[in-house]
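For reference, the structure discussed in these notes is given below.
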Amino acid sequence: MSRRGIYKDDKIWSPCSPGWSLVHNGLKCKIQPTDSFRHFDIPGLVVNGQCLRACPDLIYRNSSSGAVIIVEIKFSYAAIPENLWPDIWAQLWAYSYIPEFQSARSVALVGEVWADNFYGHSRLLSEDDYDAIGLFDDVYLRKVVVRDPRRAAFDRFYNELFKIYSGGK
């Protein structure tokens, strides 16, 4: 899938089935004003007396079921572990504590890793150069993994990890 293919009428196009809509776009795209990024406070996760603030990449909600999908997108040429990198799951786990989505019937966390076919050349070109020669057509999804943050073992593991990170008990 091409990155260009997911933009339609200056909005992120959702390939999901009917009923799903994009409710948050935290990607910093050319088509989006920089002052339009919404950050979410997460009062249940506190470090040094301050609640975490989060800006997930994409959040979809189903109008029928109320289910929520939270997506974190990475771009990497590195070898990808079977379950992606632990920091992606820690980040997504924290996003699942955004109060607005706590009452959702279900929450799915999605980690995506993308790359392009021009390894080595991508760092030499500007964004305008990419547009001019059409390199964005060669961006592809390398891996996608989905997790349920409400699964007891997943939540327990990242709760413990957060306690260590935050100095909590």
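Readers should treat all values here as calculations from the given coordinates under stated rules, not as data from a laboratory. Everything numeric here is computed off the predicted structure, so don't read it as measured data.
In whole Hz and in residue order, list the ³J(HN,Hα) couplings for segment 92-107 that follow from phi through the Karplus curve 6.51 cos²θ - 1.76 cosθ + 1.60, θ = phi - 60°; x for Gly and Pro.
Using θ = phi - 60°, the values come out as 5, 4, 4, 4, 5, 8, 5, x, 4, 10, 5, 8, 4, 4, 8, 10 Hz.
Using the Karplus equation 6.51 cos²θ - 1.76 cosθ + 1.60 (θ = phi - 60°), what ³J(HN,Hα) coupling, rounded to whole Hz, does each residue of segment 40-53 give in order, writing x for Gly and Pro?
Per-residue couplings from phi come out as 10, 7, 10, x, x, 10, 10, 10, 6, x, 10, 6, 5, 10 Hz.
Amide H neighbours of SER106 under 5 Å, counting only residues 5+ apart in sequence or on other chains, H built in-plane at 1.01 Å?
ALA67, VAL68
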